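Okay, so here's the structure we're looking at.
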Amino acid sequence: MLNVSLVTTFFLTGLPHAPALDTMLFGIFLVIYILTVLGNLLILLVIRVDSHLHTPMYYFLTNLSFIDMWFSTVTVPKMLMALVTPGGRAISFYSCVAQLYSFHFLGSTECFLYTVMSYDRYLAISYPLRYSSMMSGRVCALLAAGTWLSGSLHSAVQTTLTFRLPYCGPSQVQHYFCDAPPILKLACADTSAIEMVIFVNIGVVASGCFLLIVLSYVSIVCSILRIRTSEGRHRAFQTCASHCIVVLCFFVPCVFIYLRPGSRDLMDGVVAVFYTVLTPLLNPVVYTLRNKEVKKALLKLKDQVVHSQSE
C-alpha cells in the first residue's frame, strides 16, 4: 500500500542545460523519439508480414521492439513538455507512481528479454539440428511471458518500496522523469534500509542477467570456433554482434546509475539519456543495418508498396 503523502505534485528539474538551448534540445529529442517509434513500428510490421522472419529470434525481436517503443514513450514526451511548456515540469503524485512503475516494468522486462535472446542464440548455434524442437512456439511463448511477468513483479517491488514512505516536501525531483533514487531523496523518513533493498534488488537482477548473457556468449564463442568454414564462423559472429551491441548500450549506463555508491544528479541525468532515449533507437538501427534478412524483408515490403501504388 502507498502511504498518504502531503505532496500532491512533484516538479521535475529536467536535464541540466542553459534555457537558451530549450528549442534546440526539443527539436533533437523530438526527432529521436519519432525515429524510435517509427523504426520499431517498422520492425514489427516487417516481421509480421514476412513469413521468413517467423522464427524464435524475430519473435523475441518483436517483443524487444514493442518494449523499446513504449520505454521511450514513458519518459521522452514528458521531457519534451518540460522543455517548451511552463507547467510541463509538474507531474502529479500518482502520475509519478505510474511513470516509475512503467519505467522499471519495461526496463526490467527488457533486461530479462536480453537474457532470453542470448539463450536463444546459444541454442541456435550450439545445437542447430535440435534447435527447432528445443525452441518451439510454445517454449518461445512461455519464455516471453516469463520476461513480462518477472518485469512486472520486479517493478512492483521497486514502486512499493519507493512510495510506501511519506513525502511532505520538498517536491523538486532532480531528474527529467520519476525514478527511485531522486524520489527517495525527497522522503520525510530514513531511506537507508529501503535504498539498500532497492540496490540489492536491482543488483541481483542486473548482475544475474548480465552473468547469464556472458555465460551464453562464452559458450557461443566456443561453439563458433568449432565451425570448420570461415564463412560459417563469420555468419555466426555477425548474428550475435547486433545483440551484443544493444546489450552493452543498455547495461553499462544502468550499472553506472544504479550499482555504484553515491549519486551525482548531473551525471545521472546525462547518462540516463543513453538508455531511455538512445538505446530504444539503436534497436531498429542495429537490427536493420546489420541484418541481411531484415534488409531483404524491407526491400520486399517496399516493392510491394510500390507495386500496389502503381496499380
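Just a yes or no: is a residue in the range 11-23 of a type outside the set (Gly, Ala, Ser), within 28 Å of VAL157 (Cβ to Cβ) and surrounded by fewer than 18 Cβ atoms within 10 Å (Cβ to Cβ)?
Yes: one or more hits.
So, of the residues in the range 89-99 that are among the hydroxyl-bearing types (Ser, Thr, Tyr) and assigned to a helix (DSSP H, G or I), which turns out to be least open to solvent (accessible area, probe 1.4 Å)?
SER95
Any idea which of PRO86, PRO77 is over 21 Å from PHE251 (Cα atoms), surrounded by fewer than 22 Cβ atoms within 10 Å (Cβ to Cβ) and under 19 Å from the mean Cα position of the chain (by Cα)?
PRO77
So which residues in the range 164-185 are in contact with a strand residue (DSSP E or B) (Cβ under 7 Å, 6 or more places away or on another chain), outside any helix (DSSP H, G or I) and open to solvent by 10 Å² or more (accessible area, probe 1.4 Å)?
Passing the criteria: SER171, GLN172, HIS175.
Residues SER102, SER65, SER136: which one is within 27 Å of GLN158 (Cβ to Cβ), open to solvent by 20 Å² or more (accessible area, probe 1.4 Å) and of a type outside the set (Phe, Trp, Tyr)?
Just a single option satisfies the conditions, and that option is SER102.
Go through LEU61, LEU44, LEU38 for me and flag whichever is more than 21 Å from CYS249 (Cα to Cα) and either of a type in the set (A, V, I, L, M) or free of Cβ contacts under 8 Å to residues at least 24 places away in the same chain (or both).
Criteria check complete, one pass: LEU44.
If I ask for residues that are in a helix (DSSP H, G or I) and open to solvent by 70 Å² or more (accessible area, probe 1.4 Å), which ones from the range 199-232 would you list?
Within the range 199-232, PHE199, VAL200, VAL204, PHE210, LEU211, LEU212, LEU215, VAL218, LEU225, SER230, GLU231 qualify.
Being of a type in the set (Phe, Trp, Tyr) and farther than 30 Å from MET134 by Cβ is the filter here, so list the residues in the range 71-100 that pass it.
PHE93, TYR94
Can you find even one residue in the range 237-258 that is open to solvent by 50 Å² or more (accessible area, probe 1.4 Å), farther than 23 Å from ASP120 by Cα, modelled with pLDDT under 80 and part of a helix (DSSP H, G or I)?
Within the range 237-258, one or more residues are open to solvent by 50 Å² or more (accessible area, probe 1.4 Å), farther than 23 Å from ASP120 by Cα, modelled with pLDDT under 80 and part of a helix (DSSP H, G or I).
Give me the residue from the range 214-256 that is small (Gly, Ala, Ser) and in contact (Cβ under 8 Å) with a residue 12 or more places away in the chain and, out of that set, farthest from LEU113 (Cα to Cα).
Out of the qualifying residues, it is SER223.
Return the only residue of THR191, THR147, THR159 being surrounded by 15 or more Cβ atoms within 10 Å (Cβ to Cβ), within 30 Å of THR85 (Cα to Cα) and of a type in the set (Ser, Thr, Tyr).
Every option except THR159 fails the conditions.
Quick one: in the range 44-62, which of the residues that are farther than 12 Å from ALA297 by Cα and hydrophobic (A, V, I, L, M, F, W, C) is modelled with the highest pLDDT?
Looking at residues that are farther than 12 Å from ALA297 by Cα and hydrophobic (A, V, I, L, M, F, W, C), I get PHE60.
Is it true that some residue in the range 41-55 is part of a helix (DSSP H, G or I), of a type in the set (Asp, Glu) and surrounded by 15 or more Cβ atoms within 10 Å (Cβ to Cβ)?
No, the conditions are met nowhere in the range 41-55.
Within the range 272-294, take every residue that is of a type in the set (Phe, Trp, Tyr) and buried (at least 18 other Cβ atoms within 10 Å of the Cβ) and give me the one that is modelled with the highest pLDDT.
This residue is TYR275.
The values are calculated or read from the model by the stated rules, or taken from the named source; none is laboratory data. Model, not experiment: these values are computed from the prediction. Positions of Cβ are backbone-derived with ideal geometry, glycine not excepted, and every protein chain shown enters the neighbour counts. Surface accessibility is based on the protein's heavy atoms, side chains included, excluding ligands, DNA and RNA. Shrake-Rupley method; radii C 1.70, N 1.55, O 1.52, S 1.80 Å.
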